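The values are calculated or read from the model by the stated rules, or taken from the named source; none is laboratory data. Everything quoted here is computed from the prediction, not taken from an experiment. Cβ atoms come from the backbone with ideal geometry, glycine included; neighbour counts cover every protein chain shown.
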Amino acid sequence: MRSVIDILDLSVEELEGLIQTSLDIIQRPAEYSELCRGKKLATLFFEPSTRTRMSFEAAMYELGGNVISMSSAASSSAAKGESVADTARVVSCYADIIAIRHPKEGAALVASENATVPVINAGDGGHCHPTQTLADLLTIYREKGSFEDLTVGLCGDLKFGRTVHSLINALSRYSGVKFVLISPEELKVPSYVKRDVLKQKGIPYVQTTSLEDAIPELDILYMTRVQRERFFNEEDYLRLKDSYILTPDKLRGAKEDMSILHPLPRVNEISVAIDKDPRACYFKQVLNGKYMRMALMRLLLKEAGTL
Ligand code: CP
């Protein structure tokens, strides 16, 4: 049974196919509105979410299907000690496809190994978040027309930010991509990502603590929130939380066509004064996420023989 746990579970050709399907959904939504009639998505969210859960659910409704939902661990039998493996087996009896978010790295993989329907990782701890990357890729594609020859700045919590790890993996497959990794010393990209992805593939990257120094060369600036929920102590979080705040002043040195992305939620990383700047793409990114989740569920349900 085909599941998507990591962005690398999708080939470059499949990513291109998902982008083209999403663009077609945007152009011709009526063609897709009955595709999943009679099918059910189960959303199993053991961690808080607004965008990912609601966009999966909106995506299934727009495909003509239905949704059953578990919106918190506290309201499910996980609170009584039921394992992720058993939960996945059980929910497979009720749904045709599962989207799962869990605070533990690897939980989505365990779910996929025990489910009898496709499983999509909607975020596992600080590990990865492949469908956020699909939203990011469609946004970059719609803004830039290609993924090649881009200088991409990733800024903020690059240690715990799972969206960053998935995006590095995805963009490292395109030629001419360079990364500028902007973070405090304590929140650098984990060494396993640098070793297994950037160094292994020979992708050029620099690490810096200065957003101001980095900004003039960037085609994409991907801001991230400091992930409070993954810190071991509040004192460190409070010290680091406002390390980078993008303001109109800081944008002065940026390219006129630099795109500003953020997976959201933002806390304080992007001043609301930036929202009207034509370079701000983070609310477009939210909508793009829904189209890509529609395209992904269509792909996995077709492969499972359900559609
Ligand atoms: N970007 C993202 O994953 O947002 P939510 O936590 O609201 O789902």
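Being more than 16 Å from the ligand (Cβ to nearest atom) and either of a type outside the set (A, V, I, L, M, F, W, C) or in the same structural domain as residue 227 (by TED's automatic domain parsing) (or both) narrows it down to one of 14, 57, so name that one. Quick ask: steps written out before the conclusion?
Numbers: 57 fails: more than 16 Å from the ligand (Cβ to nearest atom).
Exactly one of 14, 57 is more than 16 Å from the ligand (Cβ to nearest atom) and either of a type outside the set (A, V, I, L, M, F, W, C) or in the same structural domain as residue 227 (by TED's automatic domain parsing) (or both), namely 14.
Could we say that residue 305 is out of contact with any Cys (no Cβ under 7 Å at 6 or more places or on another chain), closer than 30 Å to residue 64 by Cβ and part of a helix (DSSP H, G or I) here? Don't jump to the end; show me each part of the working.
On the way: out of contact with any Cys (no Cβ under 7 Å at 6 or more places or on another chain): yes; closer than 30 Å to residue 64 by Cβ: yes; part of a helix (DSSP H, G or I): no.
Judged against the criteria, residue 305 is not a match.
Within region 58-85, which residues are within 19 Å of residue 286 (Cβ to Cβ) and among the charged types (D, E, K, R)?
Once the filter is applied, which keeps residues that are within 19 Å of residue 286 (Cβ to Cβ) and among the charged types (D, E, K, R), region 58-85 yields only 62.
Per-residue answers, yes or no, for (1) in contact with a Ser or Thr (Cβ under 7 Å, 6 or more places away or on another chain); (2) over 19 Å from residue 131 (Cα atoms); (3) modelled with pLDDT under 95:
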| site | (1), (2), (3) |
| --- | --- |
| 219 | yes, yes, no |
| 222 | no, no, no |
| 242 | no, yes, yes |
| 270 | no, yes, no |
| 275 | no, yes, no |
| 281 | yes, no, no |
| 301 | no, no, no |
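Does any residue of region 136-147 turn out to be in a strand (DSSP E or B), over 15 Å from residue 285 (Cβ atoms) and in the same structural domain as residue 218 (by TED's automatic domain parsing)?
Taking every residue of region 136-147 in turn, none turns out to be in a strand (DSSP E or B), over 15 Å from residue 285 (Cβ atoms) and in the same structural domain as residue 218 (by TED's automatic domain parsing).
Can you tell me which residue in region 130-163 is surrounded by the most Cβ atoms within 10 Å (Cβ to Cβ), limited to those that are of a type in the set (Phe, Trp, Tyr) and in contact (Cβ under 8 Å) with a residue 40 or more places away in the chain?
If we take residues in region 130-163 being of a type in the set (Phe, Trp, Tyr) and in contact (Cβ under 8 Å) with a residue 40 or more places away in the chain, then 160 is surrounded by the most Cβ atoms within 10 Å (Cβ to Cβ).
Looking only at residues in region 122-137 that are closer than 21 Å to residue 74 by Cβ and away from the ligand (no atom under 11 Å from the Cβ), which one is nearest to the chain's Cα centre (by Cα)?
124
If residue 9 passes every condition in (1) over 16 Å from the mean Cα position of the chain (by Cα); (2) away from the ligand (no atom under 16 Å from the Cβ); (3) not hydrophobic (A, V, I, L, M, F, W, C) but one, which one does it miss?
Only one criterion in (1) over 16 Å from the mean Cα position of the chain (by Cα); (2) away from the ligand (no atom under 16 Å from the Cβ); (3) not hydrophobic (A, V, I, L, M, F, W, C) is unmet by residue 9, namely (1).
Within region 28-121, which helices (runs of 4 or more DSSP H) (wholly inside it) include 1 or more residues that are among the acidic types (Asp, Glu) and within 19 Å of the chain's Cα centre (by Cα)? Break it down stepwise before answering.
Numbers: elements: 51-62, 84-92, 107-114.
Output list reads 51-62.
For region 59-70, indicate whether the set of residues that are surrounded by 14 or more Cβ atoms within 10 Å (Cβ to Cβ) and closer than 19 Å to residue 166 by Cβ is non-empty.
yes
Looking at (1) at pLDDT below 95; (2) outside any loop (DSSP other than H, G, I, E, B); (3) buried (at least 17 other Cβ atoms within 10 Å of the Cβ), can you tell me which one residue 194 breaks?
Looking at each condition in turn, residue 194 falls short on (1).
Every residue in region 84-103 that is within 16 Å of the ligand (Cβ to nearest atom) and charged (D, E, K, R), please.
Matches in region 84-103: 101 only.
Can you report the number of residues in region 197-237 which are part of a helix (DSSP H, G or I) and either under 20 Å from residue 136 (Cβ atoms) or of a type outside the set (Phe, Trp, Tyr) (or both)? Talk me through it step by step, then tell me what you get.
Filtering region 197-237 for residues part of a helix (DSSP H, G or I) gives 197-201, 211-217, 228-230, 234-237.
Checking which are either under 20 Å from residue 136 (Cβ atoms) or of a type outside the set (Phe, Trp, Tyr) (or both) leaves us with 197-201, 211-217, 228-230, 234-236.
The total comes to 18.
Looking only at region 254-286, which residues are loosely packed, with under 14 Cβ neighbours inside 10 Å and assigned to a helix (DSSP H, G or I)?
Selection gives 272, 273, 283.
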